[in-house]
Amino acid sequence: MCGIIGVVGAVDALPVLLDGLRRLEYRGYDSAGVALLHGDSLWRARSADGVESVADLIAKCDDGPHDCATGIGHTRWATHGAPGEHNAHPHVDCASGIALIHNGIIENHHELGDELRGRGHVFTSATDTEVLVHRIEEFRREGLTLTEAVRQTLNEVTGAFAIAVVDAAEPGVIVAARRVSPLVVGISEGATYLASDIPAIMDKATSFFSVDDDQLLTLRAEGVTATDLDGTPISLAPLVVDWDLETAQKSGYPDYMTKEIHEQPEAVRATLLDHLDKDGTITFDEMRLSDDALRAITKVTLVGCGSSYHTAMVAKYAIEAWARISVEVDIASEFRYRNPVVDETTLVIGVSQSGETIDTISALREAKSRGAIVVAVSNIVDSSMAREADAVIYTRAGLEICVASTKAVLAQIAALEVLALRLAQVRGVLSTERVVELFHQLTSTVDLVAEAVSREAAVTQIASQIANAHTFFFLGRHVGFPTALEGALKLKEISYVHAEGYPAGELKHGPLALIEPGVIVVALATDPALHEKILSNIAEVKARGATVVAVAADGDERIDAVADYVIRVPATPALMTPLVDIVALQQFAYQMAQSRGLNVDRPRNLAKTVTVE
Ligand code: F6R
């Protein structure tokens, strides 16, 4: 996590850095800082309170760093060292001439730190990062250029990093490098930029390049040169950027979460586009896997984290129902440590909005090393996962900025259900007529999602009435189970209320002991086949004093008699109900957070892209 940005060239660096950091705050906002090369000295400002307080600090400064051509900035999500000014980046060397920002974790920082302290270096932070700048300082003292000093340092390091370094003794240069943690480069007439993510520099640069693992960059006003960590020159791969600045702004919505909830019909529509040929064949242009390869698959394993894990669970039901292949779903961080049984006939699918989540990347690498066919489902074009996998399926939700995922979740479900149809078709399990019929059902969910989004006021009204509750259980069966998990996760992460998602059938095996007056049970009751069972579960919790909020389809006449509150959603084919039910649960969580006066876009302790294990 953490956001990094840098600029060198014919621009005033400070506003570029602050502007970029504001757009990167979704990656972490525990603290922030900038460093600029000012004449022949280094100027640094840091704050424990994020980007705006860095801007305030600088505004109050009479001899502030104006018209500097080179600078770097950082917004932090703390891993090693508590949030605080002394741990905020940039970190500097003993002489305060070199400044460095870092995203990632330096795993051997203890050993390196002990050695550096033994040679007299004074550390001022509790971070894993600071070792880097002191080691670079040593190599600089030996007469190495900044680029060579960074290269030598990184060759001693284990762990993950995206770094950017400036040195007052070598003005007009930023040296940067990447291993695991994301980094992109942007170029415009007379200026060169780097950032953790495109939005930070989207409106500044005119062409963009991705940086791969173990690539070292030297940025100057006139462009960038790149080598690997052995010094062999390489060329950076151009990056396709299909967003504009408007997509990175709130566009009149009060926050990104509301905007992104409202963008969901479009996210689903765009994701489904162009997947059905005129002859009824389901296609994936970017997938690069032959029909024969798909026919040879004996098992599908899906991996993901957080919400992406939940959408993977939804996919399990669809793939098993339509393609009749056995499906396993694993939390990505568990997959590679359990000696998974996968081989060349296993299709392993990594599901991720960012395509950069380290646990999911690692799981895919593990699967690949065991010979599996690896597919990435990614919302970001050319993400690390997209580049490393054998094939990629892009969700087309557009840029998602709110930390809590919304539109990417729906887009993933849509994409994975189309994949389920593709598998069913190529393996001859479903006829083309049936596949086309199901695909059309999927496309008609676009209107159903829009209808669900439009019912915001009704959900808000119900959520407001129970806003003071402290304990929530979300219960569902079949795809209602992952939907329940997703509803509970959204509530936890943005309103800090304790919530658990449960398969409704498990209720009697423990959780029922926790049901008492004051507990809220949110019951997913939209699947007609399982309606009776959910009504029984509702009766069980009602009998123990719980207040029940049911999510039920239009036309469900029995639900009013048993639930205390009913959130109505449009009736939807069973396997597609998560597409509408999740919308209602997002709105529910949103209102709970609003009632508590919380910032929905920036939940405490969280960051959007988790690039550390
Ligand atoms: C929840 C949320 C997270 C992400 C998880 C995986 O609202 O946003 O749980 O789903 O961190 O991220 P990606 O999908 O980028 O791999």
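Going by the structure shown, is residue 191 buried (at least 21 other Cβ atoms within 10 Å of the Cβ) and either over 25 Å from the mean Cα position of the chain (by Cα) or farther than 14 Å from residue 177 by Cα (or both)?
For residue 191, the condition - buried (at least 21 other Cβ atoms within 10 Å of the Cβ) and either over 25 Å from the mean Cα position of the chain (by Cα) or farther than 14 Å from residue 177 by Cα (or both) - is met.
For (1) away from the ligand (no atom under 13 Å from the Cβ); (2) farther than 23 Å from residue 610 by Cα; (3) in the same structural domain as residue 493 (by TED's automatic domain parsing); (4) not aliphatic (A, V, I, L, M), each residue gets a yes or a no:
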{"residue": "323", "(1), (2), (3), (4)": "yes, yes, no, no"}
{"residue": "330", "(1), (2), (3), (4)": "yes, no, no, yes"}
{"residue": "338", "(1), (2), (3), (4)": "yes, no, no, yes"}
{"residue": "380", "(1), (2), (3), (4)": "no, no, no, no"}
{"residue": "399", "(1), (2), (3), (4)": "no, no, no, no"}
{"residue": "412", "(1), (2), (3), (4)": "no, no, no, yes"}
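Search segment 589-608 for residues being buried (at least 24 other Cβ atoms within 10 Å of the Cβ) and among the small types (Gly, Ala, Ser), and hand back the single one that is farthest from the chain's Cα centre (by Cα).
Among them, the one singled out is 593.
For (1) modelled with pLDDT under 95; (2) in a helix (DSSP H, G or I), each residue gets a yes or a no:
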site	(1), (2)
348	no, no
351	no, no
366	no, yes
376	no, no
397	yes, no
401	yes, no
410	no, yes
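For segment 271-309, which positions are of a type in the set (Phe, Trp, Tyr) and within 16 Å of the ligand (Cβ to nearest atom)?
Scanning segment 271-309 gives a single hit, 309.
If residue 338 satisfies all but one of (1) in contact with a Cys (Cβ under 9 Å, 6 or more places away or on another chain); (2) assigned to a loop (DSSP other than H, G, I, E, B), what's the number of the condition it fails?
Checking residue 338 against (1) in contact with a Cys (Cβ under 9 Å, 6 or more places away or on another chain); (2) assigned to a loop (DSSP other than H, G, I, E, B), the one that fails is (1).
Of all strands (runs of 3 or more DSSP E) completely enclosed by segment 476-565, which ones contain at least 3 residues that are over 26 Å from the mean Cα position of the chain (by Cα)?
Answer list for segment 476-565: 520-524, 547-553.
Kindly indicate which of 360, 445 is assigned to a helix (DSSP H, G or I), within 14 Å of the ligand (Cβ to nearest atom) and touching a residue at least 12 places away in the same chain (Cβ under 8 Å).
On inspection, the qualifying residue turns out to be 360.
Does any residue of segment 573-588 turn out to be surrounded by fewer than 24 Cβ atoms within 10 Å (Cβ to Cβ), assigned to a loop (DSSP other than H, G, I, E, B) and in the same structural domain as residue 488 (by TED's automatic domain parsing)?
Scanning segment 573-588, I find at least one residue that is surrounded by fewer than 24 Cβ atoms within 10 Å (Cβ to Cβ), assigned to a loop (DSSP other than H, G, I, E, B) and in the same structural domain as residue 488 (by TED's automatic domain parsing), so the answer is yes.
Taking segment 295-330, which residues are at negative phi and of a type in the set (D, E, K, R)?
Of everything in segment 295-330, those that are at negative phi and of a type in the set (D, E, K, R) turn out to be 295, 299, 316, 320, 328, 330.
Sort through 484, 424, 452, 504 and tell me the only one that's over 30 Å from residue 282 (Cβ atoms) and either within 16 Å of the ligand (Cβ to nearest atom) or not acidic (Asp, Glu) (or both).
From the options 484, 424, 452, 504, the qualifying one is 504.
Any idea how many residues of segment 449-467 are more than 21 Å from residue 571 (Cβ to Cβ) and surrounded by 18 or more Cβ atoms within 10 Å (Cβ to Cβ)?
Selection size over segment 449-467: 2.
To keep it simple, each residue is scored yes or no on (1) in contact with a Lys or Arg (Cβ under 9 Å, 6 or more places away or on another chain); (2) modelled with pLDDT under 95.
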| position | (1), (2) |
| --- | --- |
| 443 | yes, no |
| 447 | no, no |
| 461 | no, no |
| 511 | no, yes |
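Condition first: within 16 Å of the ligand (Cβ to nearest atom) and acidic (Asp, Glu). Now tell me which residues in segment 382-397 satisfy that.
Result: 382, 388.
Restricting segment 460-475 to residues that are of a type in the set (Val, Ile, Thr) and part of a helix (DSSP H, G or I), which is farthest from the ligand (Cβ to nearest atom)?
462
If residue 344 meets every condition in (1) away from the ligand (no atom under 16 Å from the Cβ); (2) in contact (Cβ under 8 Å) with a residue 60 or more places away in the chain; (3) charged (D, E, K, R) apart from one, which number is that one?
Evaluating residue 344 over (1) away from the ligand (no atom under 16 Å from the Cβ); (2) in contact (Cβ under 8 Å) with a residue 60 or more places away in the chain; (3) charged (D, E, K, R) leaves (2) as the failure.
Select from segment 452-471 the residues that are among the charged types (D, E, K, R) and touching a strand residue (DSSP E or B) at 6+ places or on another chain (Cβ under 8 Å) and list them in ascending order.
The answer is 455, and nothing else.
I need the full set of residues from segment 363-376 which are within 14 Å of the ligand (Cβ to nearest atom) and touching a Phe, Trp or Tyr at 6+ places or on another chain (Cβ under 8 Å), in order please.
Scanning segment 363-376 gives a single hit, 363.
Does residue 611 fit the bill of being within 16 Å of the ligand (Cβ to nearest atom), buried (at least 24 other Cβ atoms within 10 Å of the Cβ), within 33 Å of the chain's Cα centre (by Cα) and not assigned by TED's automatic domain parsing to the domain that holds residue 309?
Against the criterion (within 16 Å of the ligand (Cβ to nearest atom), buried (at least 24 other Cβ atoms within 10 Å of the Cβ), within 33 Å of the chain's Cα centre (by Cα) and not assigned by TED's automatic domain parsing to the domain that holds residue 309), residue 611 qualifies.
This table checks each residue for (1) under 23 Å from residue 577 (Cβ atoms); (2) without any contact (Cβ under 8 Å) to a residue 24 or more places away in the chain; (3) touching a helix residue (DSSP H, G or I) at 6+ places or on another chain (Cβ under 7 Å).
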residue: 495; (1), (2), (3): no, no, yes
residue: 501; (1), (2), (3): yes, no, yes
residue: 508; (1), (2), (3): no, no, no
residue: 513; (1), (2), (3): no, yes, no
residue: 516; (1), (2), (3): no, no, no
residue: 520; (1), (2), (3): yes, no, no
residue: 532; (1), (2), (3): yes, yes, no
residue: 535; (1), (2), (3): yes, no, yes
residue: 546; (1), (2), (3): yes, no, no
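Test residue 435 against the criterion of being touching a Leu at 6+ places or on another chain (Cβ under 6 Å) and more than 16 Å from the ligand (Cβ to nearest atom), and give yes or no.
When the stated conditions are applied, residue 435 passes them.
The values are calculated or read from the model by the stated rules, or taken from the named source; none is laboratory data. Note that the coordinates shown come from a computational prediction; the quantities given were computed from them, not determined experimentally. Reconstructed Cβ throughout: ideal geometry from the backbone, glycine too, with neighbour counts over all protein chains shown.
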